[in-house]
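S.K.: My questions will all concern the structure given below.
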Amino acid sequence: MIHKDMKIEEVLRRFPQTIPVFRDFGIDCVQCQLSEYENLEHGAKVHGIDLDALLASLNDAICAKG
């Protein structure tokens, strides 16, 4: 399960299927050097994104059967 204290880079590394979710929310963290240090809560705040909606979408992406 993905939670607000996880670093963005950790989420991207462990769950590459979340990349489209980040892009859908307007966060292109794949190329961002700050993703190694920034947690999801802070990233959502600085990008003006609803944290609960982001977390729900990220967790849906990792639970989806492909």
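The values are calculated or read from the model by the stated rules, or taken from the named source; none is laboratory data. Note that the structure is predicted; figures quoted are calculated from it, not measured. Cβ placement follows ideal geometry from the backbone for every residue including glycine, while neighbour counts extend to all protein chains displayed. Side chains are part of the model used for accessible areas, which takes the heavy atoms of the whole protein and leaves out ligands, DNA and RNA. Shrake-Rupley method; radii C 1.70, N 1.55, O 1.52, S 1.80 Å.
S.K.: Put a dot 7 Å past each Cα toward the Cβ at ASP24 and LEU51; how far apart are the dots in nm?
M.R.: My value for the distance between the label points is 2.1 nm.
S.K.: Turning to a different aspect of this structure: Given only helices, namely DSSP H runs of n ≥ 4 each adding -39500 (n - 2.57), what is the per-residue ellipticity at 222 nm of the chain, to the nearest 500 deg cm²/dmol?
M.R.: Counting only the DSSP helices, I get -13500 deg cm²/dmol.
S.K.: Ignoring ligands, DNA and RNA, please state the percent of accessible area on the chain from carbon and sulfur, probe 1.4 Å.
M.R.: 51 percent
S.K.: Per residue, what volume in Å³ does the convex hull of the Cα atoms of the chain enclose?
M.R.: Dividing the Cα hull volume of the chain by its residues yields 74 Å³.
S.K.: OK, next. Could you run the Karplus curve 6.51 cos²θ - 1.76 cosθ + 1.60 with θ = phi - 60° over region 43-54 and give me ³J(HN,Hα) per residue in whole Hz, x for Gly and Pro?
M.R.: Here the 3J(HN,Hα) series is x, 5, 4, 5, 9, x, 10, 5, 4, 4, 5, 4 Hz.
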